[in-house]
Amino acid sequence: MDWNSLSNSEIIIELGKRMKNHRIKTRFTQRELADRAGVSLFTVAQIEKGNPVSFSTLVALLRVLRLLENFELLLPEIEISPIEMMKLQGKTPKRIRSKKSS
């Protein structure tokens, strides 16, 4: 699937469908998933319908479904090369400034 070609709403709908499929595969009812994640039944139903939720709610549900390891694929940790570390000399950038246009 080309996620970049989808709108934000389409992505949320697709994620809701996939979460529902995982819930069914793991043989949880919506109520069981909601109880284990500490969210309401309404929240689980809304997610499965493709309505947006908070990031913390998503994390709680993915934890119950044992899908948190997928965050490693979503946002892999970036390792800094030894040469880059020497350039930084213990300094970590706090922000990135935009480049001036000429």
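The values are calculated or read from the model by the stated rules, or taken from the named source; none is laboratory data. Worth saying up front: this structure is predicted, and the values here are computed from it rather than measured. So basically every Cβ, Gly included, is an ideal-geometry build from the backbone, and we count neighbours across all protein chains shown.
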**Study point:** Candidate set: segment 53-87, residues that are in a loop (DSSP other than H, G, I, E, B) and at pLDDT below 85; chosen: the one surrounded by the most Cβ atoms within 10 Å (Cβ to Cβ)
**Key:** ILE80
Check your understanding: Taking segment 10-37 on its own, how many of its residues are over 16 Å from LEU58 (Cβ atoms) and of a type in the set (S, T, N, Q)?
Key -> 2
Review point. So which pairs qualify, if the first residue must be in segment 55-71 and under 12 Å from MET19 (Cβ atoms), the second must be outside any loop (DSSP other than H, G, I, E, B) and among the charged types (D, E, K, R), the Cβ gap must be under 7 Å, and the two must be at least 6 apart or on different chains?
Key: VAL64/ARG36; LEU65/ARG23
Revision key, fill the gap. Taking segment 7-26 and keeping residues more than 13 Å from ILE47 (Cα to Cα) and among the charged types (D, E, K, R) leaves LYS25
Review point. Would segment 88-100 turn up any residue that is surrounded by 10 or more Cβ atoms within 10 Å (Cβ to Cβ) and without any contact (Cβ under 8 Å) to a residue 40 or more places away in the chain?
Key: yes
